[in-house]
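Every number in this text was worked out from the coordinates using simple rules, so none of it is lab data. All figures in this text were calculated on a predicted structure; none of them were measured in a lab. Ideal geometry is used to build each Cβ from the backbone, glycine not excepted, and the neighbour counts take in all protein chains shown.
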């Protein structure tokens, strides 16, 4: 693994205030926003993106163009034609284009510092291990894998190779959700009493890998319900003690022959706090949560979307009992990748560590068990708060 | 019981369109709203209101002034001073003012057609039975009583006396909630998949009867959680098959020595539909529900409030994915009382019958059992859809 | 004129807090709202309502049922059938029903303290003078009359008869508009820089008196544009110095053969403040204004409607730059009539005096002159701030 | 001038649907959004950005990174240190960094196809002419210049040099404003009756060039009021016939010694339509307009902001009288630059031509004249609809 050029040295930057009397001053506001800072290209972290599906083409590659500390360095795909076209569009030379078979040669590509794994869930383990062996840091999409045992293997492999492992929990690098977490910590809504969280959408092509249990590991719960699960743990800064769940799959719908359509579950947290969560592959888009305390509530609509968050704060004030909270939207993927690049540049532990992903997987397994048996399932002793978390991103 | 003067005859009314060239035409809109119709005072139903607490003084008596078919005829209180003052304000003669002790003399008061029972829950049964024996129709506040056995006694007593019994489920006479029910019935959001419903507020004086189990029969669940319960049954037009619940009471809070602070429960309905409900006596006001279907959702904020309903309809439309639904607010208490007066005037069965109240009580008992045992509790065979319901109010 | 029974004596009332341990305490909030106070019926001010058009039947008579200090005492109409039916509905005996011809006999009716004139604009002067001569206080709908000379006559007649005269500027008794006025006074938006105000709607039956100049005195401007005019003067607490106006009437539209369809005008106030106003009889409903200051703005939608006000406050705050202001809606007509009853009971001058109405008429005449000549028209020396205004209503 | 490589040939692109069974399908929606298409870097239009002020550093350079057909090729600044730092951040080699003095050497730089002029208004003319002489296409910030004569010179210079000239009217490439224009054209609000438009903000450093008349040419009107002016012409697709204006500058405020603080003006359009516009350098941010027709209205808040547009559509529908219109936000600067690149690549005339800018300047001069004289000023015969406009951008 190469040494990073910028460790310990501040990036070149443009000071907001200069002596220029004419051109640099912010003129519309007395306190100008800080100017953006781009790292010179040769100091940015180079990513190999593995998997050229919808998420990569529609979000991750465009986001990499916007990044300040991250750049696209290589592409990996099982689809030669798509690989070639995408390479052309993003100026990735053929020497940095890989198939799944020849991927291990990436070890020799010094332009690549990290890989971003954007593959079907069942392939996360394999490519995490191969990336680690190639000496590359790993940013892996959620869910981390399709079983808690796989998660443990991935953590071990990265540890053994001394590479960093981060799970791509976008939400934990997003300003609205971070604001909620901070408000809760600062007791802005008093003592939290309960949470309700939903993440659902309607289904597409039934031949997609998401509907094949061997590839996905499960249905709505690990794919999108995981947002309710993970974000609730994040904002409450707490781990559940017990779960109870109902699971339902429409027997007539071809999507749900192998996987779950809908799961409605409760998670009991310390101090009597309960989270009521719902996830479904067959509802009109509903991506939201509400945290209710004894002195207020926070309601975040489109909480898990790429854009369009809308946050309301209910409080006991006569004339402004409901306030819409305004926060500048960011490109969440760019934010997430630049954070990981920071970890690499400064040799620090990522906030959404492999252990954070592993604990989600343990809870998912408990939820499925409850739905199957009809009984509540205890999680006592199985989870550990903030296990191996790095420092919080500053957002 | 006296005969009603207006049965079968239409009220005097003012036609909206007349030949008046000058004064009657609506001029601001091409389709004027119908003019309000007041029944002449001597044809209105006379109510005795029992209990002069906050709800009666702040809502019910002012609402009676606005009613078109209902008027205030008598007052009943255990508090002579308050009785006298309230009588003075609402022009109720001393001869129509009663104490709890001499209440049975109301049988001789021909101005009184019906009683509205606005007392602590534990007194509902007694006054329903005494009113029935006095030959007066009964409109009883929710929860109907403090046990399902009491509910059955009340139904029997009214049946025996051939008087009508209606439970004051305000929500079922309110236009926003009725609109939601109708939209669901008309498949405006496709097939319903799940519901989340909350009703909570913060507590006041710990000496109030609501915190005494002997008077209230329970805590947040029967008092305010019942709205989630009853309204979900109403809008889905379905009965739950099973419940699972967590209950919590802060051991340090003096309010909750005898009763529950918070209950979070799931109700499983036919077809895999799940309602996730939360009620609490110790949260910032949150009175709402959201019904999610495969083609849209309906989100009603302040669903159970006296005013301030806000309804959003999410649908798969490109430019208007979320629409706020505008409906004219009404005085819910006036609406509810005029509906009951209609039932009396036309000798029809009320929509929110005693049986509707009884079934809520059965579910409440199952929820408490689940919270106590930690197991799901089946309701199969215990509930009957639309049991003894009269015709729907036209709103 | 009879003496008022309640002058100087407080009304019977119910204290909010009593020693009742059970029934009176507000239990949902720690600070219960004050209980409503009704004056006993024989102490309320009795109104004769003149004109049984849409406004009277749809708004004013129902509002009188809700009033606490005002009651319906007589009806006056040129339409015998309507008079009879309305009398039946509101329990007004035939002895208190009048035609326009025998109206002067009302002088002998001791149940009547005041008249509310709800007639075509051209009849306001006549009935104000006849009412004054009958010794009755006068509440007159806006616009006060169809010329400033008529306004002056009306003021004189009431003065000569020692009866009170109030113009029914509903908006000045309405909580949202009052809140705006108070916020401006308290510098909540800093120094006001400009205002934009609109009041428009679409037209109905072209045979209505509003489209006959002889009856109405003008078109959109005096009927609905007057709200922009009057409310701007009210909230700014200032009088305009100059106006400039464009007027337009679609030559093909039968509504606008005699009267103006649309007027767009500017009013220059002291200190460079400008109000830009628009009124139209042929637009989709738009009833609003926005006041912009150097430290914030207030935007009131549906400002002039009977219900549905929505107030936003823009301010330089990072997370809450736009706040919706929550204020309890009231029945504006009841509020306005109870205020006038208060003036009568306590012998005080009304806030929206005849002089306030006269000054609007002077400005209307200047606007029409500007539109006709194409030149700005000065108002210097013609208006006087707060001329003969009584004390502000406490809302 | 070099030939463009891509004229007439379609760019390499990625088809949305492929035969890939696993990775490309959109899975969350049945109709996936089209994938983004990036032109290979060597086929993109290269821009020299002149002026490294707040707008360039904060918006334009980051936007160029997001562009699909445009890239940063050179930088021009009078501030060597800033030039060097910015070059480092955006990988612009020193050979493509210019001072104002040596700017004309850019003629020899084949990487530069176009210049984007982001300088004080008084410098627009000079650099447009120098750019044209260097054979570079010109994208010039608004206002086009400080007098209509200057505008005419600029148009001539570009014509003589056969280079394209586009004025950077961002709003006309922005989806919300374009949606409004299209709705009006499609009669979605019936016949337009009036418009009100505001653009104001509070002032910053009084030493900024905007407050020096020699550099800016005027105050709030040409700088920000121009948005009201230009956008109204754009959405109405019409030219004003007459203007009337009030102008105000606080004599005590050091910002407004040379320039106008606030202008409130009316523009009369054909058919009686009036636009009431306000602009101010000393108000709390208010950037909006409302177009009112006889069948509806459109209200766009934050209309002229870089982000945060909020569009409401009022219409005569019972349950949805006000609808919020949802449109995906875009980076407006990237949109604008890629449109100009398209014009260059396909040799077409820009939509916001120099003539569009010239006509704004003519109107600005008429507004100042009206404010000065106190009389309305006619524009008849001075403006021509859609003068030299290219085809509408497809947004």
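Here are a few things to note about the model shown:
- Shortest-first distances to equivalent copies, position residue B:324, nm, label 7 Å out along Cβ: 0.5, 0.8, 0.8
- Packing-based exposure ordering (other Cβ within 10 Å, fewest first) of A:255, B:319: B:319, A:255
- Largest GNM mean-square fluctuation across B:259, B:226, B:283, computed for chain B with C-alpha springs under 10 Å, falls on B:283.
- Alpha-carbon centroids, segment D:318-375 and segment C:115-131: separation in whole Å: 52 Å
- Cα shape, segment D:135-289, gyration tensor, a/c 1.5 rule: oblate
- Where chain C is rotated onto chain A, the residue of C whose Cβ comes nearest the axis, and that gap in whole Å, is C:323, 3.
- Sites residue C:342 and residue C:81, calculated FRET efficiency, Cβ-Cβ separation with R0 25 Å, nearest 0.05: 0.10
- A crude spin-label estimate for the pair residue D:101 and residue B:110, with each label 7 Å from Cα along the Cβ direction, gives 11.2 nm.
- Prolate/oblate/rounded label for chain C (Cα gyration tensor, a/c 1.5): oblate
- Across D:135, D:308, D:200, mean-square fluctuation computed from a Gaussian network of chain D (C-alpha pairs under 10 Å connected) peaks at D:308.
- Based on C-alpha pairs under 8 angstrom that are at least 6 apart in sequence, segment D:171-378 has a relative contact order of 26 percent.
- Sites residue C:258 and residue C:43 - FRET efficiency at Förster radius 41 Å, r taken between beta-carbons, to 0.05: 0.30
- Teacher prompt: residue B:159 distances to equivalent labels in other copies, 7 Å Cα→Cβ, nm: 6.9, 7.7, 9.6
- Residues C:60, D:367 in ascending order of nearby Cβ atoms (within 10 Å, fewest first): C:60, D:367.
- For residue C:378, inter-copy label distances in nm, listed shortest first [label point 7 Å out on the Cα-Cβ vector]: 2.6, 9.1, 9.3
- Counts of other chain beta carbons within 10 angstrom of each beta carbon in peptide A:256-267 average 3.
- Secondary structure note: in the protein assembly as shown, about 60% of the DSSP beta bridges are antiparallel.
- Springs join every pair of Cα atoms under 10 Å in this Gaussian network model of chain D, and among D:347, D:102, D:149 the largest mean-square fluctuation is at D:102.
- Relative contact order, whole percent, for chain C stands at 17, derived from Cα pairs under 8 Å and 6 or more residues apart.
- Tensor-based shape of the protein assembly as shown (alpha-carbon gyration tensor, a/c under 1.5 rounded, otherwise prolate or oblate): oblate
- Peptide A:286-296 has a mean shielding of 5, counted as Cβ atoms of other protein chains within 10 Å of each residue's Cβ.
- Here C:151, A:140 are placed in order of increasing Cβ neighbour count within 10 Å, fewest first, which gives C:151, A:140.
- Annotation for residue D:317 and residue C:392: the two label points, set 7 Å from Cα along the Cα-Cβ direction, are 4.1 nm apart.
- Only Cα pairs under 8 Å and 6+ residues apart enter the sum, and on that basis the relative contact order of segment B:132-213 stands at 26 percent.
- Averaged over the residues of peptide B:63-71, the number of Cβ atoms from other protein chains lying within 10 Å of each residue's Cβ is 2.
- Residue D:237/residue A:133 FRET efficiency (R0 51 Å; Cβ-Cβ; nearest 0.05): 0.20
- For the protein assembly as shown, calculated [θ]222 nm from helices alone, where every DSSP H run of n ≥ 4 adds -39500 (n - 2.57): -8000 deg cm²/dmol
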